[in-house]
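**Student:** Got a structure for you, written out below as structure tokens; questions coming shortly.
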Amino acid sequence: MLKLEDTYLHQGKRRALVQEIRAKGIKSERVLDAILTLPRHFFFDTALISHAYEDKAFPIGEGQTISQPYTVAFQSELLQIKSGDRVLEIGTGSGYQACILHILGAEVFTIEYQKNLFEKTQRFLKRLGIEMHLFYGDGTGGLPQHAPFDKIIVTAGAPVVPEALVSQLKIGGILVIPVGDRKRQTMVKITKKSAKDVTKEEYEGFAFVPLLGKDGWKG
Ligand code: SAH
């Protein structure tokens, strides 16, 4: 089993990564600090570990990827996490984004669709000693039994905004979701102004693995 060791070399590479994503436009010091705090190499398979501090997505098994650090920072910044926020993530994957939300003070609920990945990440987070609520299944229906949420983040590319997710947001809540085709997506930030009204902001140029399930892509 991989030793969870965070050396000066890793820390130095992490500082350089934070400078890189700052230069790309991330402004939130809290988000940048969270990226600086969390050893991204812990979330990598041994064979790829030397790449952990490149600003790129990498395979994590089951055909899935750990998101690019810039993208993790971008989505986290849009969510404006406050301490104590109840946050739902669709697409646990490696658990990296979920841990960033945890460091930002959120109570994290996260759902993963791939059974093997769910089990692997559950074991790993236990070993790290990070506590959050992990669920296995299709996240496109949200988590009605734990709703409403202050914030919801989707970390796979969706064909449409699943209605259930908007309905499980508190008034004033924020949903951040990449929407587009299977290869390229626009980041959509939805703020729920009232039970009926939402506002939308859009940011182009993202590439996620597909969101599957009921309101996702088929197969
Ligand atoms: N947030 C992750 C990124 C993982 S990639 C990280 O930090 O590592 C996106 C993940 O979404 C994949 O693990 C994929 O299996 C998962 N996924 C795809 N469709 C899903 C669905 N309908 N419900 C829950 N998870 C889903």
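**Student:** For the stretch 27-54, how many residues meet the condition of being among the charged types (D, E, K, R) and within 14 Å of the ligand (Cβ to nearest atom)? Even if it seems obvious, please write down each step before you answer.
**Tutor:** Just the residues of the stretch 27-54 that are among the charged types (D, E, K, R), to begin with: 27, 29-30, 33, 40, 45, 54.
Subsequent filtering for residues that are within 14 Å of the ligand (Cβ to nearest atom) retains 40, 45.
The number of residues fulfilling the criteria is 2.
**Student:** Here are the criteria: (1) at pLDDT below 95; (2) closer than 29 Å to ARG40 by Cβ; (3) not small (Gly, Ala, Ser). Tell me which single one LYS196 does not satisfy.
**Tutor:** (2)
**Student:** Please enumerate the residues belonging to the stretch 160-184 that are surrounded by fewer than 22 Cβ atoms within 10 Å (Cβ to Cβ) and assigned to a helix (DSSP H, G or I).
**Tutor:** GLU163, ALA164, VAL166, SER167
**Student:** If I go through the stretch 132-148 residue by residue, how many of them are more than 11 Å from the ligand (Cβ to nearest atom), open to solvent by 50 Å² or more (accessible area, probe 1.4 Å) and out of contact with any His (no Cβ under 9 Å at 6 or more places or on another chain)?
**Tutor:** 3
**Student:** Then there's this: Select, from ILE26, ILE90, ILE100, ILE35, the only residue that is within 28 Å of LYS183 (Cβ to Cβ) and in contact with a Gly (Cβ under 6 Å, 6 or more places away or on another chain).
**Tutor:** ILE90
**Student:** Filter the stretch 185-219 for residues that are among the small types (Gly, Ala, Ser) and not in a strand (DSSP E or B) and give the result.
**Tutor:** Taking the stretch 185-219 as the starting set, the residues that turn out to be among the small types (Gly, Ala, Ser) are 194-195, 205, 207, 213, 216, 219.
Within the stretch 185-219, SER194, ALA195, ALA207, GLY213, GLY216, GLY219 meet the criteria.
**Student:** Let me ask you something else. SER83: out of contact with any His (no Cβ under 8 Å at 6 or more places or on another chain), of a type outside the set (Lys, Arg), surrounded by fewer than 19 Cβ atoms within 10 Å (Cβ to Cβ) and within 22 Å of LEU175 (Cβ to Cβ), yes or no?
**Tutor:** yes
**Student:** Moving on to the next point. Does the stretch 152-159 include one or more residues that are touching a residue at least 12 places away in the same chain (Cβ under 8 Å), among the aliphatic types (A, V, I, L, M), away from the ligand (no atom under 11 Å from the Cβ) and surrounded by 17 or more Cβ atoms within 10 Å (Cβ to Cβ)?
**Tutor:** Within the stretch 152-159, one or more residues are touching a residue at least 12 places away in the same chain (Cβ under 8 Å), among the aliphatic types (A, V, I, L, M), away from the ligand (no atom under 11 Å from the Cβ) and surrounded by 17 or more Cβ atoms within 10 Å (Cβ to Cβ).
**Student:** Could you tell me whether the stretch 87-95 includes any residue that is hydroxyl-bearing (Ser, Thr, Tyr), crowded, with 21+ Cβ neighbours inside 10 Å and within 12 Å of the ligand (Cβ to nearest atom)? Please lay out each step first, then the result.
**Tutor:** Step one: list which residues in the stretch 87-95 are hydroxyl-bearing (Ser, Thr, Tyr), which gives 92, 94.
Keeping just the survivors that are crowded, with 21+ Cβ neighbours inside 10 Å gives 92, 94.
When the remaining residues are screened for being within 12 Å of the ligand (Cβ to nearest atom), the result is 92, 94.
Yes - at least one qualifying residue is present in the stretch 87-95.
**Student:** Here are some conditions: (1) among the hydrophobic types (A, V, I, L, M, F, W, C); (2) open to solvent by 50 Å² or more (accessible area, probe 1.4 Å); (3) within 16 Å of the ligand (Cβ to nearest atom). VAL198 meets all but one. Which one does it not meet?
**Tutor:** All conditions pass for VAL198, except number (3).
**Student:** Kindly provide the set of residues from the stretch 202-219 that are touching a residue at least 24 places away in the same chain (Cβ under 8 Å), open to solvent by 30 Å² or more (accessible area, probe 1.4 Å) and within 18 Å of the chain's Cα centre (by Cα), ordered by number. First the steps, then the outcome.
**Tutor:** Step one: list which residues in the stretch 202-219 are touching a residue at least 24 places away in the same chain (Cβ under 8 Å), which gives 203, 206-217.
Okay, now just the ones that are also open to solvent by 30 Å² or more (accessible area, probe 1.4 Å), so 203, 207, 209-210, 212, 214-215, 217.
Within the stretch 202-219, TYR203, ALA207, VAL209, PRO210, LEU212 qualify.
**Student:** Can you report the number of residues in the stretch 105-121 which are more than 13 Å from the ligand (Cβ to nearest atom) and surrounded by fewer than 24 Cβ atoms within 10 Å (Cβ to Cβ)?
**Tutor:** 2
The values are calculated or read from the model by the stated rules, or taken from the named source; none is laboratory data. Just so it is clear, the structure is predicted and the values come from calculations on it, not from any experiment. Quick reminder, even Gly has a Cβ in these numbers, built from the backbone with ideal geometry, and neighbours come from all protein chains shown. Ligands, DNA and RNA are excluded from the accessible area calculation, which covers all protein heavy atoms including side chains. Shrake-Rupley method; radii C 1.70, N 1.55, O 1.52, S 1.80 Å.
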